[in-house]
Structures are given as C-alpha cells and as structure tokens.
Amino acid sequence: MKKLSLIRCDSAEFVVGAVSPKDFPEDDFPEVVFSGRSNVGKSSLINSLLQRKKLARTSSTPGKTQQLNYYRVNKAFYFVDLPGYGYVRGGKGLREKLGNLVETFVTSSQKICAILQLVDVRNGPTDSDRAMIDFLRSLHYPFLLIFTKTDKLSSPKLDKVFSRLENEGVLGGMSYVPFSAVNNQGREDVLRWVDDVVKSDKSQ
Ligand code: GDP
C-alpha cells in the first residue's frame, strides 16, 4: 500500500481544471473533495493545508472558480476543488452547467474518499449550504464540516455561534472544525482528519 500521508506535504501540483466529465483524470488516485459557496475560503484552506501560497487561486471576487480543480498531492492522491456555488459569474446558465458537472462528478466517481464542506462561520450554514450538506451527506462518504474565517469573530462570539448551532441541532452529529487561514486555527485538526480517512480508504 502506498504511503498516503498528508501531515507532511512533499509535493503538490495543479493537474487540470475540469469543465466536463471528459477532463476528469483517469488514474486511480483517491480524491479528497472540497465544497463550499463562492468566497467561503476554499482556495485559502487548500493553500494552507498544503503550505503553498498560491497553488489554489484566492480572490476577493466571488464566483471565479468555475471548474473542478484537481491538485495532486504527494504524488498519491488528489484534492478536488469543486466550483463554488451561490454566486457564479456567467449567470443562471453557467450555474446550472456547473451544478450538473458537480453532480455528475460526486455521483459517478469511484475514487472519492472524503468530502470537506466549508461554511463561513459568520453566516452559515445558509440555505444553499444546508441543501449541499444534505445532498453530499446522502452519498455516505466520510464528511467533515469546516467553519472558515474564525479570525473574523472574537472568541466569545465563536463560542456563542457553536453553542447556538449545537442547541438548534444544526450540527446533527457531524464532525466539524473551526478554521482560519489567517492564523491557521484548526489546520492540524483538518490535516489529521484527512490523513486518517485517506489511510483507511477501503479502495486502496
Ligand atoms: P474561495 O472562493 O472559496 O476559493 O475563497 P478564497 O480562498 O479565494 O477567499 C475569499 C476571500 O476571503 C479572500 O479575500 C480571502 O483572503 C478571504 N479569506 C479566506 N479565508 C480567510 C480566513 O480564514 N480569514 C480571513 N479573514 N479571510 C479569509
């Protein structure tokens, strides 16, 4: 069995931006999938996990990631960055096309070993986040919720947010990690979780 460790990132490279299923890579590397609304901080999380400043493009303009971006990590598995949903530059037609592509990918890929869903800690989960969470959890892959941009709230405010979400039953037994790309809060926890699921991936 290949050593699939992420705790140390030895190599990471962008492989392809898939705009249709024919672009999906055909090799057998396991896939760790990242999902979230445009601007939620997906690129920043990927860069932080892989300790690369600009591997994934980060931007203050929402809706720019309009393809499935594949990053090969340690020559052993992929990070797959799904197009951000919510606001998409290009309007309804493009939004539908991207929705179909994401659905085709997550329902047909045989190589997914984990899904990470990002939610902005300041306002999520929104209705579209909840719809996405329900859909992705119905696929029964190991699933981690990541609350991004925690540095934007004070610690008492953060505590309040999480106790409210717990009390309202929003977290529903899901594993979750508070994360900030600014101070790297939660980075180690996310890495450890991903490392564990990749190592125990049955398809290996
Ligand atoms: P994506 O569209 O989901 O890939 O989001 P990006 O990673 O491009 O981030 C969108 C914006 O939010 C950028 O201006 C980032 O600098 C900012 N951002 C992302 N993560 C954080 C974070 O943890 N803390 C703060 N304060 N800003 C963040």
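General remarks:
- Of all residues in region 66-88, those being hydroxyl-bearing (S, T, Y) and either within 13 Å of the ligand (Cβ to nearest atom) or more than 15 Å from I112 (Cβ to Cβ) (or both) number 3.
- Across region 166-184, the qualifying residues are those that are part of a loop (DSSP other than H, G, I, E, B) and in contact with a strand residue (DSSP E or B) (Cβ under 6 Å, 6 or more places away or on another chain), and the one among them that is nearest to L118 (Cα to Cα) is F179.
- Residue count for region 4-52, restricted to those that are within 9 Å of the ligand (Cβ to nearest atom) and either open to solvent by less than 10 Å² (accessible area, probe 1.4 Å) or not in a loop (DSSP other than H, G, I, E, B) (or both): 11
- Members of region 114-123 found to be surrounded by 13 or more Cβ atoms within 10 Å (Cβ to Cβ) and out of contact with any strand residue (DSSP E or B) (no Cβ under 7 Å at 6 or more places or on another chain), listed by number: R122
- Meets criteria (away from the ligand (no atom under 16 Å from the Cβ) and modelled with pLDDT under 90) for G124: no
- Pairing residues of region 124-143 that are on the phi < 0 side of the Ramachandran plot and open to solvent by 60 Å² or more (accessible area, probe 1.4 Å) with residues that are assigned to a loop (DSSP other than H, G, I, E, B) and at pLDDT below 95, at Cβ distances under 9 Å and at least 6 apart in sequence or on separate chains, gives R130/G124; R130/V170; R137/G172; R137/M174.
- The lone exception for S59 - which of (1) closer than 18 Å to A181 by Cα; (2) modelled with pLDDT of 80 or more; (3) out of contact with any helix residue (DSSP H, G or I) (no Cβ under 6 Å at 6 or more places or on another chain); (4) hydroxyl-bearing (S, T, Y) it fails: (2)
- Selection within region 144-157 - open to solvent by 20 Å² or more (accessible area, probe 1.4 Å) and either touching a residue at least 12 places away in the same chain (Cβ under 8 Å) or not basic (K, R) (or both): K149, D151, K152, L153, S154, S155, P156
- V190 away from the ligand (no atom under 13 Å from the Cβ), among the aliphatic types (A, V, I, L, M), surrounded by 18 or more Cβ atoms within 10 Å (Cβ to Cβ) and within 21 Å of S48 (Cα to Cα): no
- Against the conditions (1) part of a loop (DSSP other than H, G, I, E, B); (2) open to solvent by 50 Å² or more (accessible area, probe 1.4 Å); (3) not charged (D, E, K, R), S163 satisfies every one except (1).
- Restricting S180, S200 to residues that are of a type in the set (S, T, N, Q) and surrounded by fewer than 13 Cβ atoms within 10 Å (Cβ to Cβ) narrows the list to S200.
The values are calculated or read from the model by the stated rules, or taken from the named source; none is laboratory data. This is a predicted model, so every value here is computed, not measured. Here Cβ is always computed from backbone atoms with ideal geometry, including for glycine, and neighbour counts include all displayed protein chains. Heads up: the accessible areas ignore ligands, DNA and RNA and are worked out on the full protein's heavy atoms, side chains in. Shrake-Rupley method; radii C 1.70, N 1.55, O 1.52, S 1.80 Å.
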